[in-house]
1. Want the number for ILE130 to ALA79: 0.36 nm per residue separation, take away the alpha-carbon distance, what's left?
2. How far is it, in nm, from the label point at TYR137 to the one at GLN6 when both lie 7 Å from their Cα along the line to the Cβ?
3. So if R0 is 22 Å, what FRET efficiency would LEU148 and ALA17 give, r being the distance between their Cβ atoms, rounded to the nearest 0.05?
4. Starting from 0.36 nm per residue, how many nanometres of slack lie between ILE65 and MET93 once their C-alpha separation is accounted for?
Amino acid sequence: MFAGWQTFYQMTAEAAATLTGLVFVVVTLTSGRRTAINQNGVLLFTSPTVFQLTSVLVISALALIPEGETPPPVLLMIAWSGGSLIYAITRLMGIAKIQEPSHWTDVWYYGVGPAATHLALASANICAFIRLPHSAYAVAICLLALLLLGIRNAWDLATWLAPRRDD
């Protein structure tokens, strides 16, 4: 199903792994600034961003497994994307319940966008399992969407967590 897509999946996996590492660096460099707001931010924003990038890495790695393996890699992709969808929905509900002020884009980029993309990814993986035409393209588009959301969210987190000068 994913024959001929090796370069694409290698590039998306590498990008996701690199961004995940950079998020860890930012979190580590800002670890001395732990406040209640930062803790809530880590739970509702940082962890889901890392998980989102990890999903790109996992699905890309599973797509690189040669066909004919048992169980079929696409079944593992369905299981991962189904679990990811559940996780994204729980994070969306958590973000929607935030009491402290946040930017209006937070719900969309950290909640709705990832949940919708994980739903599309789960659907695309099911289509790949039943071998519908162009389902490999649908999986690829979903991974690119997750990667782009991850890039945007990682940048947003880096600028939010970065130490600010006290004037």
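Values in this text are rule-based calculations from the coordinates and carry no lab data. Predicted model only: the values in this text are computed from it and were never measured. Note that each Cβ is placed from the backbone with ideal geometry, even for glycine, and that neighbours are counted across all protein chains shown.
1. Separation in residues times 0.36 nm, less the Cα-Cα distance, equals 16.9 nm.
2. In this crude label model, TYR137 to GLN6 measures out at 2.4 nm.
3. 0.85
4. Stretched fully, the ILE65-MET93 segment lengthens by 6.7 nm.
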